[in-house]
Amino acid sequence: KLFRYIDLLQRWTKSSNLVAPSTLDDLWNRHIMDSAQLLSIKPEARRWLDMGSGGGLPGLVVAILLSESQGAEVQLVESNAKKAAFLNAVAAELDLPVTIHRVRIEEAYARTKPPEIVTARALTALHDLLRLARPWLDEGAIGLFHKGRDFVGELAKSRDDWGFDLIEHPSVIDPESRILEIGGLRSR
């Protein structure tokens, strides 16, 4: 299923800009393995929600890896019609445990089931991710957010307005990047 997803991602990217063209030669490491590492952090989680899913990274990768797991459900929130069409096409072809919400993130709160894990990759700065994820985090979900080399600066800026419990997981793909595991979110 992962190889078929890669094939579809490459084909659709030509017309829908799902991933940066400069990363197409290294899709496996740059996107697939980077997304898959989330499951090593929370292997027991079955209910996931991916904000700003775009080309399905990490949401579709997580759904593919959980597709044989009882009770697995991955909700993808994507407002862009072309990207949502891609997500729907892949989910249908690969028979994935996915629900796609083609709405803005702020409109998705009332439409989604409570997740265990909320993810986002290359969506926005951490401060804004926390604001967007807050309704789900307030219900007990844990955030797993991919952050690049400037994660220290993003954490510092976020702490001006937010308190939270944090575990930094080094990325298996880029030693200078992190997966930020965030819970216990509170306003300052």
Quiz item: Quick one: if the Förster radius is 25 Å, what FRET efficiency do Asp7 and Glu68 give, using the C-beta to C-beta distance and rounding to 0.05?
Solution: 0.75
Exercise. Note the listed values (1) 12.4; (2) 11.1; (3) 9.7, then indicate which one is mean projected area of the Cα convex hull in nm² calculated from this particular structure.
Key: (3)
Quiz item: How much length is gained if the chain between Lys14 and Ala81 is pulled fully straight, taking 0.36 nm per residue apart and subtracting their Cα-Cα distance, in nm to one decimal?
Solution: 22.5 nm
Quiz item: Quick one: how many Å² of Ile167 are accessible to a 1.4 Å probe, rounded to 10?
Solution: 80
Quiz prompt | Hz values of 3J(HN,Hα) by residue in the stretch 7-12 - Karplus curve (6.51, -1.76, 1.60), Gly and Pro given as x | solution = 4, 5, 4, 4, 5, 6
Quiz item: Placing +1 at every Lys and Arg Cβ and -1 at every Asp and Glu Cβ, with all other atoms neutral, what dipole size does the chain have around its Cα centre, in debye to the nearest 20?
Solution: 400
Practice problem: Place a label point 7 angstrom from the Cα of Ala125 along the Cα-to-Cβ direction, then list the residues of the stretch 149-188 whose backbone nitrogen is under 13 Å away. | Solution: 150-162
Practice problem: Just tell me which aspartates and glutamates come within less than 12 Å, Cα to Cα, of Lys157; anything on the same chain fewer than 8 places away is out. | Solution: Asp128
Quiz item: For the charge dipole of the chain, defined by +1 on Lys and Arg C-beta atoms and -1 on Asp and Glu C-beta atoms about the Cα centroid, which residue among Ile32, Leu8, Gly183 has the Cα displaced farthest towards the positive pole?
Solution: Leu8
Exercise. With the full set of protein chains in place, find how many percent of the accessible area of the stretch 22-80 is carbon and sulfur; take the probe as 1.4 Å.
Key: 43
Practice problem: Determine the percent antiparallel among the DSSP beta bridges restricted to the chain, to the nearest 5. | Solution: 45
Quiz item: Taking only DSSP H segments of four or more residues, each worth -39500 (n - 2.57), what value at 222 nm results for the chain once the sum is divided by all its residues, to the nearest 500 deg cm²/dmol?
Solution: -11000 deg cm²/dmol
Quiz item: If you roll a 1.4 Å probe over the heavy atoms of the protein chains, what accessible area per residue do you get for the stretch 1-125, in Å²?
Solution: 46
Quiz item: Hey, which lysines would be in cross-link range of Lys1, C-alpha to C-alpha under 27 Å, not counting anything within fewer than 8 residues on its own chain?
Solution: Lys14, Lys42, Lys82, Lys83, Lys113, Lys147
Practice problem: Return the distance in nm (one decimal) between the two label points of a simple spin-label model at Tyr109 and Asp150, each offset 7 Å from Cα along Cα→Cβ. | Solution: 2.7
Practice problem: Amide H neighbours of Ile100 under 5 Å, at least 5 residues apart or on other chains, H built in the peptide plane: list them. | Solution: Leu76
Practice problem: Can you tell me how much longer the chain between Ala89 and Asp138 gets when fully stretched, taken as 0.36 nm per residue apart minus their C-alpha distance, in nm with one decimal? | Solution: 14.4 nm
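The values are calculated or read from the model by the stated rules, or taken from the named source; none is laboratory data. On a predicted model such as this, the values are computed, not experimentally measured, just so you know. Positions of Cβ are backbone-derived with ideal geometry, glycine not excepted, and every protein chain shown enters the neighbour counts. Keep in mind that these areas ignore ligands, DNA and RNA; they rest on the heavy atoms of the full protein, side chains included. Shrake-Rupley method; radii C 1.70, N 1.55, O 1.52, S 1.80 Å.
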